[in-house]
Amino acid sequence: MKIIFPELKNSITKEAIKSFPEIEFFDATDLSAANIMLKNGQANSMISGLDYSSRDVLLAYKKYLPLKSTYFSSCFICKKDDQILALADGGVNKLPTKEQLYTIVEDTTQTFITYTNKKPKIAMLSYSTYGSGGKNPDLEKIHYVIDKIRENHPNWLIDGEMQLDAAINPNIAAKKAPNSPLQGQANILITPDLNSGNILYKSLEQFGGFTCAGPIIQGFTMPLADLSRGSTVKDTVLTIDVIKKLHERKS
C-alpha cells in the first residue's frame with residue numbers, strides 16, 4: 001500500500017510510520033501537489049492535517065478527488081482497550097439535511113463494518129429519548145433516517161432518538177428505552193450536528209481515555225483522513241491502521 005503524507009517530516013508522523021514498515025509513505029510539497037499525485041494514481045490513500053486546517057484539507061480533497069457518494073462526510077473511530085466506537089459527523093457537515101444525515105449514517109456504518117467486522121448498533125443521538133424532549137424539526141430528520149435505514153438495511157440495528165446515556169449504558173437504557181434493540185450497547189453514535197459531534201469526540205479523547213482516528217473522510221473513491229492539529233502519535237498510528245484496513249478490505 002502507498003500513502004501520501006504531506007507532513008511526512010513532522011515529528012509525529014515520523015514516529016507513527018515506524019509501526020508500518022509494510023506501507024510506502026510519500027511526501028508532497030503541499031496539499032495541491034499531494035492531491036494531484038493521488039488523483040494520478042501514485043498512491044492508494046492520503047492522510048493530512050497535522051500542519052493544515054481541516055478547512056484546507058477538505059477543500060483540497062473536494063477540488064481534486066472524485067466522489068462515490070452523493071455527499072461526503074467524516075467519522076471518528078474511537079478505541080479504548082477492546083471497545084471500538086464510530087462517531088459521526090464530527091468534522092464536516094455543520095447542520096446536515098435529512099438526506100445528508102442518511103448518507104452520514106450509511107457511510108459511517110460501512111466504515112465501521114469494514115474496519116471491525118462487527119454487527120452495527122447505531123444510536124441516533126439527541127437531547128431527547130423517544131420524544132421526551134417534545135417536538136423539534138431535528139427529531140423529524142432523525143426519524144426519517146431511522147425509517148429509511150431500516151427499509152434499506154434491515155440487518156442493521158438502529159434506534160432513536162435517544163440520549164447518550166440510554167445509548168451506551170445498559171442500566172440506564174433499561175429505564176429510558178427498555179424496548180430498544182440496542183439495549184444500551186450502541187457502537188455507532190450519530191450526532192445531529194457538527195457542534196455536538198466535534199465536542200463529543202474531543203470529550204471521549206480528552207476525558208474518556210479514548211484514542212481517536214481521523215476524522216476518516218467518507219464518500220470519496222479512496223480512503224482519506226484529516227488529522228487534527230492536536231493529534232498525538234497514538235491517534236496517528238490508529239488513523240493509519242484504519243486507512244490500511246479500509247484499503248485492504250476494499251481491494
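I'd like to check which helices (runs of 4 or more DSSP H) are fully inside the range 140-251 and have at least 3 residues that are under 19 Å from the mean Cα position of the chain (by Cα) and outside the structural domain of Leu85 (by TED's automatic domain parsing).
233-250
Return the total of residues in the range 72-89 being without any contact (Cβ under 8 Å) to a residue 12 or more places away in the chain and within 14 Å of Pro223 (Cα to Cα).
Result for the range 72-89: 0.
Identify all residues within the range 174-194 that are farther than 17 Å from Pro120 by Cβ and in contact (Cβ under 8 Å) with a residue 12 or more places away in the chain; write none if there are none.
Lys176, Ala177, Pro192, Asp193, Leu194
Which residue, of Thr232, Thr239, is buried (at least 23 other Cβ atoms within 10 Å of the Cβ) and over 22 Å from Lys94 (Cβ atoms)?
After ruling out the rest, the residue left standing is Thr239.
What do you reckon, is Glu99 surrounded by fewer than 15 Cβ atoms within 10 Å (Cβ to Cβ), more than 19 Å from the chain's Cα centre (by Cα) and modelled with pLDDT of 95 or more?
Criteria not met by Glu99.
Ser32 fails exactly one of the following numbered conditions: (1) of a type in the set (Ser, Thr, Tyr); (2) assigned to a helix (DSSP H, G or I); (3) surrounded by 15 or more Cβ atoms within 10 Å (Cβ to Cβ). What is the number of that condition?
The one condition Ser32 does not meet is (3).
Which ones in the range 45-68 are within 20 Å of Ile12 (Cβ to Cβ) and in a strand (DSSP E or B)?
Ser45, Met46, Ile47, Ser48
Looking at Met37, is it more than 22 Å from the chain's Cα centre (by Cα) and either within 19 Å of Asp107 (Cβ to Cβ) or surrounded by 14 or more Cβ atoms within 10 Å (Cβ to Cβ) (or both)?
yes
If you scan the range 119-156, which residues turn out to be out of contact with any strand residue (DSSP E or B) (no Cβ under 7 Å at 6 or more places or on another chain), at pLDDT 95 or above and of a type in the set (Ser, Thr, Tyr)?
Correct list: Tyr144 only.
Any idea how many residues of the range 40-82 are closer than 28 Å to Thr97 by Cβ, surrounded by fewer than 19 Cβ atoms within 10 Å (Cβ to Cβ) and polar (S, T, N, Q)?
Adding up the residues that qualify gives 3.
The values are calculated or read from the model by the stated rules, or taken from the named source; none is laboratory data. Note that the structure is predicted; figures quoted are calculated from it, not measured. Quick reminder, even Gly has a Cβ in these numbers, built from the backbone with ideal geometry, and neighbours come from all protein chains shown.
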